[in-house]
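Comments concern the structure below.
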Amino acid sequence: MKLRQALSAALLAAAGLAAPVAVAPVAHADTLICDQYGSTTIGGRYVVMNNRWGSSAQQCINVTGSGFRIQTQQGSTSGGAPLSYPAIYVGCHYGNCSPGTNLPRQLSRIGSASTSISYNYVGGSVFDASYDIWMDPTAKTNGVNQMELMIWFNRTGGVQPVGGRVGTTTIGGRSWEVWQGNNGGNDVVSYVAQSTISSWSFNVMDFVNDVDNRTRVDRSWYLTSIQAGFEPWSGGVGLAVNSFSANVG
């Protein structure tokens, strides 16, 4: 990480869950967002959200023309759920849809979903850097989707995804640990990189097809959003999405 329900921290751990975000005006260079669920749009097609759903402590993100940087992080937790999921996305998240999006879109009608990311990492923090890809049996634009697909590009401090490890696989020419579970609100399948990835361009559908083979998801389901950001447990100032793009064709 998506309306935050009153679930236990243990159930929420690493779930990428989030709360509804307020629709905000288009960002200009270096727009600072400190509101708990504040958001803005960039590039005429992406939403950037602060999404501080797991903590009452202040978190501020500095939104740039191509991504964002965590500017302030005053929260800290030693276990359970992460503090937040500041992220950039295309699609719909709790009624806040990115400008001009063609999502939700039925999986059977998607040929490819190309995406690209560049992350900046910092030391002295506990976090994961994750894509959050949401799917549902209906063309849902609000509320919790039934399937969350997470792609962890990096993790520190021993954090781990929801559920348990069920094996490994190769997708996009890279090796991944595969985890499956349920956070009490939705099913989660997580792909954890075996070594840190700082930037990559890939096809989201390669991961979606693997989830299709493992779970109840089928081609009649809908892709509702593609999101990229961080789940911090402590620290995180300086973590950044330098750039992000996603195109569902």
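Tabulated values for the structure
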quantity	calculated
Shape of the chain, Cα gyration tensor, a/c cut at 1.5	rounded
Simple label model, 7 Å out from Cα along Cβ direction - residue 165 to residue 195, nm	1.7
Equivalent ellipsoid dimensions for segment 56-139 as semi-axes, Å, which come from the Cα gyration tensor, largest first	28, 15, 14
Segment residue 45-residue 114, length gained on full extension (0.36 nm per residue, minus Cα span)	23.3 nm
Segment 147-249: translational diffusion in µm²/s, Stokes-Einstein, Kirkwood Rh over Cα pairs, 10 °C, 1.306 mPa s	107
Residue 182 paired with residue 138, simple spin-label distance in nm, labels 7 Å along Cα-to-beta-carbon	1.9
Mean accessible surface per residue for segment 26-138, computed with a 1.4 Å probe while every protein chain stays in place, in Å²	35
Carbon + sulfur, % of accessible area of segment 28-154 - ligands and nucleic acids excluded, 1.4 Å	43
Magnitude of the charge dipole, the chain, Cβ model with Lys/Arg +1 and Asp/Glu -1, debye to 20	160
Rounded accessible area per residue of segment 144-249, 1.4 Å, Å²	34
DSSP-defined antiparallel bridges as percent of all bridges, segment 137-249, nearest 5	70
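The values are calculated or read from the model by the stated rules, or taken from the named source; none is laboratory data. This is a predicted model, so every value here is computed, not measured. A quick note on method: Cβ atoms are made from the backbone with ideal geometry, for glycine too, and the neighbour counts reach across all protein chains shown. The area values use the complete protein model at the heavy-atom level, side chains included, leaving out ligands, DNA and RNA. Shrake-Rupley method; radii C 1.70, N 1.55, O 1.52, S 1.80 Å.
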